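Colleague: Below is a structure I'd like to ask you about.
Nothing in this text is a laboratory measurement; each read-out follows from the coordinates by a stated rule. Just so it is clear, the model here is predicted, and its values are computed rather than measured. All Cβ positions, even for glycine, are placed from backbone atoms using ideal geometry, and neighbour counts span all protein chains on display.
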């Protein structure tokens, strides 16, 4: 019996992928549909059996060990040709012809939204370029007024059965019908609008509701809103990955909104009030009490982002930065000196190192 490695033209050190590629190359040249000569048929049987042994790790090990490792024989027989054809030639089983219908592909798109959009959520309409059902043939792939015909070669089965001679006698094998490519039907008059595919490329508008509370990286799933399938197959799914744009004033920490405000030293001493434009469209009234310190954080409840799961909203947190004046007039210096003389001030205290106001704010924010 010929050596299996020599039949496939590989060595005993060849990897499974190298063996597979060698088999595919030889099988394409020797397959009865391509080369009907008796010599090619016999060689095809040898090549197929060699691959059947060497592609199975257990059988290959037994074969490499020789007779003492066990008889490698024909445990699967040539009756497994249909499985091999299915792998390398698109062969069909006795279950019937394959369907022209294929499910459409899923699609993932990036959707940019503003930070203000995620406070309460937003409805958007997005134009996308995708595959849609052909309006001319309505997905049938046929020119209007025509329909697929049963293949006269395979009788609608999608496969052709052949008797192959082997050491064990004649064995029936199956291969895809070359006339209909295994579909069991042929289309004599394909739709001119979609070239017989049942779908075309077009732009369409997709409506999407962006829920409140989403953040960058959140994916929204629209089932059945992806590409139309071939030949009227089911649509794929559409996914939108959210990307929240940065805001010039507010930063986001989970569902809280953060900002800082600079106030004059006099306002920190005497107190003041001001207004912040909220991202929810309503102004936020903020009151500064006398004696506030730099790095203090004022919290305005329930004015942040709506919770994605659950009820309620986060907060708005405002970090205070007291500005010390650097240029004073003579009169201002005199007034501050008089103020200092009238108070009993303590000597400066040495404190642990901190990286400025924003380090202090970071500790209080989070």
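Colleague: Just to be sure I understand the model, the point goes 7 Å from the Cα along the line to the Cβ. What's the resulting residue 326 to residue 29 distance in nm?
Modeller: Simple spin-label model gives 8.3 nm for this pair.
Colleague: Here's something else I'd like to know. If neighbour count is taken as other Cβ atoms inside 10 Å, put 289, 45, 317 in order from fewest to most.
Modeller: 289, 45, 317
Colleague: Return the whole-Å distance between the Cα centroid of the stretch 244-266 and the Cα centroid of the stretch 101-122.
Modeller: If we compute the Cα centre of each part, the gap is 27 Å.
Colleague: What is the packing order of peptides 224-230, 303-309, taking the mean over residues of other C-beta atoms within 10 Å and listing the highest first?
Modeller: Highest to lowest by the protection proxy: 224-230, 303-309.
Colleague: Among 39, 102, which comes first, second and so on when ranked by fewest other beta-carbon atoms within 10 Å?
Modeller: Placing the least packed residue first, the sequence is 39, 102.
Colleague: Taking 0.36 nm per intervening residue step and subtracting the Cα-Cα distance, what contour gain separates residue 21 from residue 262 on full extension?
Modeller: Going from the current span to full extension adds 79.7 nm.
Colleague: Which shape class, rounded, prolate or oblate, goes with the stretch 110-243 when its Cα gyration tensor gives a ≥ b ≥ c as root eigenvalues, a/c under 1.5 marks rounded, and past that a/b bigger than b/c marks prolate?
Modeller: The shape class here is oblate.
Colleague: Assuming R0 = 45 Å, what is the FRET efficiency of residue 65 and residue 161, from their Cβ-Cβ distance, to the nearest 0.05?
Modeller: E(calc), rounded to 0.05, equals 0.75.
Colleague: Using r as the Cβ-Cβ distance of residue 123 and residue 275, and R0 as 35 Å, what FRET efficiency do you calculate, to the nearest 0.05?
Modeller: For R0 = 35 Å, the calculated efficiency reads 0.75.
Colleague: As an exercise, use a Förster radius of 51 Å and the Cβ-Cβ distance of residue 337 and residue 300 to find the FRET efficiency, rounded to the nearest 0.05.
Modeller: Working from the Cβ atoms, E equals 0.85.
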